[in-house]
Amino acid sequence: MALRCSRKLLPTVVSGYKPHCNNNLDVARRSFHILSNGLHDHENADTQSSMEYSILRKVGFSLMGTRGLCTSMLSPESSEGSFPSDLLSRKQIITPERAIGQLQDLVIPVTNFHNEDKGMMVLAGDVFDVPIRKDIIHRVVRWQLAKRQQGTHSTKTISEVSGTGRKPWRQKGTGRARHGTLRGPQFRHGAVMHGPKPRSHAFKLNKKVRRLGLKIALSARAAEGKLLVFDDLELLTHKTKNIVSYVKQMEETKKLLLVDGGPIDEKLKLATQNLHYVNVLPSIGLNVYSILLHDTLVMSRDAVNKIVERMHTPINR
């Protein structure tokens, strides 16, 4: 009976024990010592129960009353006198990273070319935090490359090749093969059979798939930390060295894409036209292939707002 009561009381004292409170440390240690000695030294059950009840009244209730007073954080690296090291967990606490593709709004800082703090901006989660799908990106890139292909290749058929239409020799009696024209594909300077003709290589891709591809590309850059938002893209001068110095300050940046909301500023256009690793686009021209070609994307506030508005516009069918 005494042993069962002691096992029930011991977790109560332990749960009320707050490690970093120095006033209760000695009291708790004494209580553990008294309980352990009581289990081994006393054989009388009635004496044992009365002793533990007195300990609980003097120590346990006072410790339980002070549970909400200690808010210190302890770790295995804390000082020896603060808490017994054998009672602390040695497991490393890992803070979970943000899950990608949860459609959560993102809050990122806003700056400019001078690295000045311009506040914060909230990015819509349904545009900048969608699940990454490589198959959609592949379909959209193929559609873009096929649509922009010129398709001006052309070859001449037998009716377009320059030459006579006379039969080269008589049908029989010469010992040679039968031929009716010298403009055939088997002759030099002859026609090309089934050759390419000017045509469009574009194929149909649903608008919602194209829109989803742009969202995925923006979400991928945001997840990589390669999406920067500027208050504006205005420059004080058109000198190229200013853009060069700014790009050198950016870490792990090889190609930079600047996206503005409206027409491109003339100073920005002049400052970047001689740099093959810096390109400028208006928000209306932002596309998946251009985002993938550049490892860093810089957008102005106006460009972000226009892209979000464009993504939220209902699709005309």
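Quick look at the numbers
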{"item": "Qualifying residue in the range 165-185 (condition: outside any loop (DSSP other than H, G, I, E, B) and in contact (Cβ under 8 Å) with a residue 24 or more places away in the chain)", "result": "no"}
{"item": "Selection status of Leu270, farther than 23 Å from Trp143 by Cα, open to solvent by less than 30 Å² (accessible area, probe 1.4 Å) and touching a residue at least 24 places away in the same chain (Cβ under 8 Å)", "result": "no"}
{"item": "Number of the exception - Met193 against (1) closer than 30 Å to Arg310 by Cα; (2) exposed (fewer than 12 other Cβ atoms within 10 Å of the Cβ)", "result": "(1)"}
{"item": "Evaluation of Lys215 against (1) within 59 Å of the chain's Cα centre (by Cα); (2) assigned to a loop (DSSP other than H, G, I, E, B) (one fails), failing number", "result": "(2)"}
{"item": "Residue ID - farthest from Val280 (Cα to Cα), chosen from residues in the range 250-266 that are open to solvent by 100 Å² or more (accessible area, probe 1.4 Å) and touching a residue at least 24 places away in the same chain (Cβ under 8 Å)", "result": "Glu252"}
{"item": "Test for Leu275: is it of a type in the set (A, V, I, L, M), touching an Asp or Glu at 6+ places or on another chain (Cβ under 8 Å), surrounded by 13 or more Cβ atoms within 10 Å (Cβ to Cβ) and farther than 23 Å from Val209 by Cα", "result": "no"}
{"item": "Residue, farthest from Leu214 (Cα to Cα), within the range 114-167, restricted to residues that are over 23 Å from the mean Cα position of the chain (by Cα) and among the small types (Gly, Ala, Ser)", "result": "Gly165"}
{"item": "Subset tally (residues that are over 19 Å from Leu293 (Cβ atoms) and either touching a helix residue (DSSP H, G or I) at 6+ places or on another chain (Cβ under 7 Å) or not in a helix (DSSP H, G or I) (or both)) for the range 134-152", "result": "3"}
{"item": "Residue check, Arg148 surrounded by fewer than 15 Cβ atoms within 10 Å (Cβ to Cβ) and within 30 Å of Thr296 (Cβ to Cβ)", "result": "yes"}
{"item": "Some residue of the range 222-237 being part of a helix (DSSP H, G or I), hydrophobic (A, V, I, L, M, F, W, C) and in contact with a helix residue (DSSP H, G or I) (Cβ under 6 Å, 6 or more places away or on another chain)", "result": "yes"}
{"item": "Top-ranked residue of the range 151-179 - restricted to ones that are among the β-branched types (Val, Ile, Thr) and farther than 30 Å from Asn287 by Cα, ranked as surrounded by the most Cβ atoms within 10 Å (Cβ to Cβ)", "result": "Val161"}
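The values are calculated or read from the model by the stated rules, or taken from the named source; none is laboratory data. All of these numbers come straight from a predicted model, not from anything done at the bench. With ideal geometry, Cβ positions are generated from the backbone for all residues, glycine too; neighbour counts draw on all protein chains shown. Side chains included, ligands, DNA and RNA excluded: accessible areas come from the protein's heavy atoms. Shrake-Rupley method; radii C 1.70, N 1.55, O 1.52, S 1.80 Å.
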